[in-house]
Amino acid sequence: MDLKTMLDAQLRGRHAASSAHNDDGGANSTLVAETEDEAAVVAARHHDTVATFGVRSVTHTELRDALGAVRRTLDATPFGLSSYQVPTDDSLIQTIVEGYEREAAKLEPMYAALEGELTMRGVALDQLKVVTMIAAGGCPFREYGLGDGLEHGVAMQLSMALKHGIIFDFVPVTFSDFNSHIVSLGVGVGAALLAKLRARKAGRVRMDGVIFACKGTLAAALAARAFVLEDGGGGGGEADDRAKLALFGMGTDLTQGFDDMTDESASACSMQLNLAAMNSLQDTNVGHGEATKAGLEARAARFGGTAVWIDVEARLKEFGTFGTGSNPEHGWYPAAFRRKCCSAVRASILDELACLVGATPCDHLDEVAVAAVDGAAGEASQASDVTSDVGHANVETNVGCAPRGTLIPNAMLLDLKANYANGPGGGTKLGLRHVETKVTLLKDFVGNEMFVAE
């Protein structure tokens with residue numbers, strides 16, 4: 001027996017044992033069971049107003065049922081060999097539920113304020129497309145509501161709603177909530193997405209698309225594949241464009257959960273999904289050169305998707321003083337949402353997303369009013385720039401989970417900026433003492449905005 005066969009046998013043995021582990025009834029979990037009355041309250045939360053997007057809209061039972069389907073989908077992929085490392089259903093449900101409870105203090109007031117701003121401008125929810133964001137892999141979840149600043153989130157969401165006809169909602173758990181394990185994130189978040197898709201089919205939830213990036217690819221793939229399989233696997237013919245689920249990826253080569261599909265599964269997905277993957281031509285994490293470009297385009301085309309490219313090198317001036325002024329590589333899309341100087345790049349991304357989900361800008365509004373809101377969002381991004389340029393909070397790499405170091409928390413930086421602007425000497429440039437990175441050989445690597453802790 002060769003080494004490969006022995007290792008494969010060991011992995012499959014662990015995989016077989018994982019079924020009992022996943023169905024152990026959550027003996028070691030502290031999950032408090034949801035009562036019938038509590039479940040009824042959750043199920044009654046229809047997405048008929050923007051304010052409802054800040055709370056959980058699927059029950060424990062719906063999450064558990066979705067986990068079963070997602071685990072079966074995982075088993076059909078090469079990642080299924082890692083299923084023994086995925087926590088129990090109770091543990092994953094607890095992680096999702098606690099994520100919603102933890103972030104409610106940010107999301108509920110943010111969406112309430114956003115609804116007020118939209119109502120004041122005569123914009124109704126049915127004029128907008130709702131896109132659910134997977135909060136991992138460099139997606140801008142902090143910039144659009146899960147960060148420290150309420151006004152920042154409202155300004156960014158409002159600008160996007162008016163200019164692009166989109167608002168984001170979230171599955172409010174991050175990579176670190178799953179011990180930085182991609183497969184566990186894929187199963188947990190994938191189940192939350194599938195449960196929301198089922199609620200969408202029942203008319204309770206608004207979900208026109210999913211935006212994901214890099215480490216969030218597997219979660220999007222598992223949810224989408226399980227959803228398509230449940231919907232008849234494409235046997236009912238191609239869905240109307242308005243009924244299709246849009247999937248928009250950034251910084252992904254679509255290998256996680258997509259690449260292993262059979263031709264039959266890929267064909268079924270093409271009937272139910274609209275997919276686009278947007279990448280930089282110079283991002284060597286995804287690949288580089290014509291062969292890689294052609295390969296990704298062919299991979300996306302298998303399930304009716306498209307590959308969209310941005311030439312970052314040609315637009316390098318729009319990224320400002322990124323690092324040493326060189327190409328940001330895989331950090332291009334986090335920078336686009338975090339930096340005011342990248343507003344045109346951000347607009348390019350959101351234009352592609354709007355096209356995919358069929359969104360239209362609120363063009364009945366006065367252009368001056370829209371520009372004023374966009375300016376407020378730009379100021380919010382500029383405040384975020386301070387964090388990017390001065391220091392990164394809890395910066396981590398892909399090697400282990402320990403923080404590389406905490407320099408200045410976001411809230412402190414924003415307070416510092418506000419206090420300095422209003423205090424004496426406001427016309428003088430703020431000077432901060434330079435802090436040298438301890439591991440200088442890794443300075444450029446960990447300074448990449450892609451690696452801000454999730």
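The values are calculated or read from the model by the stated rules, or taken from the named source; none is laboratory data. Keep in mind it's a predicted model, so treat the numbers as computed, not measured. Ideal geometry is used to build each Cβ from the backbone, glycine not excepted, and the neighbour counts take in all protein chains shown. Only protein heavy atoms, including side chains, enter the accessible area calculation; ligands, DNA and RNA are left aside. Shrake-Rupley method; radii C 1.70, N 1.55, O 1.52, S 1.80 Å.
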Open item on the list: Which pairs turn up if I take residues in the stretch 104-117 that are in a helix (DSSP H, G or I) and look for partners that are of a type outside the set (A, V, I, L, M, F, W, C) and buried (at least 19 other Cβ atoms within 10 Å of the Cβ) with beta carbon separation below 6 Å, at least 6 apart in sequence or on another chain?
Closed with: L107/G54; L107/G145; E108/G54; M110/G145; M110/G153; Y111/G54; L114/Q157
TODO: Could you look through the stretch 42-71, keep only residues that are part of a helix (DSSP H, G or I) and among the hydroxyl-bearing types (S, T, Y), and pick out the one that is least open to solvent (accessible area, probe 1.4 Å)?
DONE: T52
Open item on the list: Which of the numbered conditions does R198 fail, given that it passes all the others? Conditions: (1) of a type outside the set (S, T, N, Q); (2) open to solvent by 10 Å² or more (accessible area, probe 1.4 Å); (3) more than 20 Å from L247 (Cα to Cα); (4) over 19 Å from the mean Cα position of the chain (by Cα).
Closed with: (3)
Open item on the list: If T284 meets every condition in (1) modelled with pLDDT under 90; (2) closer than 20 Å to A359 by Cα apart from one, which number is that one?
Closed with: (2)
Open item on the list: For the stretch 331-353, give me each residue that is within 26 Å of L245 (Cβ to Cβ), of a type outside the set (K, R) and open to solvent by 10 Å² or more (accessible area, probe 1.4 Å).
Closed with: A347, S348, D351, E352
Task: Residues located in the stretch 322-362, provided they are among the charged types (D, E, K, R) and not in a helix (DSSP H, G or I) - done: R339
Task: Filter result (open to solvent by 10 Å² or more (accessible area, probe 1.4 Å), assigned to a helix (DSSP H, G or I) and β-branched (V, I, T)) within the stretch 72-96 - done: T73, T95
Task: Scope the stretch 60-108; condition within 27 Å of G145 (Cα to Cα) and small (G, A, S); matching residues - done: A66, S91, G99, A104, A105
- [ ] Check off (1) buried (at least 20 other Cβ atoms within 10 Å of the Cβ); (2) closer than 30 Å to E230 by Cα for S267 and give me the number that stays unchecked.
- [x] (1)
- [ ] Can you work out which of the residues in the stretch 283-321 that are β-branched (V, I, T) and in a loop (DSSP other than H, G, I, E, B) is most open to solvent (accessible area, probe 1.4 Å)?
- [x] T321
TODO: Being in a helix (DSSP H, G or I) and among the β-branched types (V, I, T) is the filter here, so list the residues in the stretch 132-166 that pass it.
DONE: V154
Task: Test for K317: is it modelled with pLDDT under 90, closer than 27 Å to R225 by Cβ and of a type in the set (K, R) - done: no
TODO: Output the number of the condition that D169 fails; it satisfies all remaining conditions of (1) closer than 19 Å to M250 by Cβ; (2) of a type outside the set (A, V, I, L, M, F, W, C); (3) not in a strand (DSSP E or B).
DONE: (3)
- [ ] Collect the residues in the stretch 132-143 that are open to solvent by less than 20 Å² (accessible area, probe 1.4 Å) and either within 22 Å of D283 (Cβ to Cβ) or more than 11 Å from the chain's Cα centre (by Cα) (or both), keeping them in residue-number order.
- [x] M133, I134, A135, A136, G137, G138, C139, P140, F141, E143
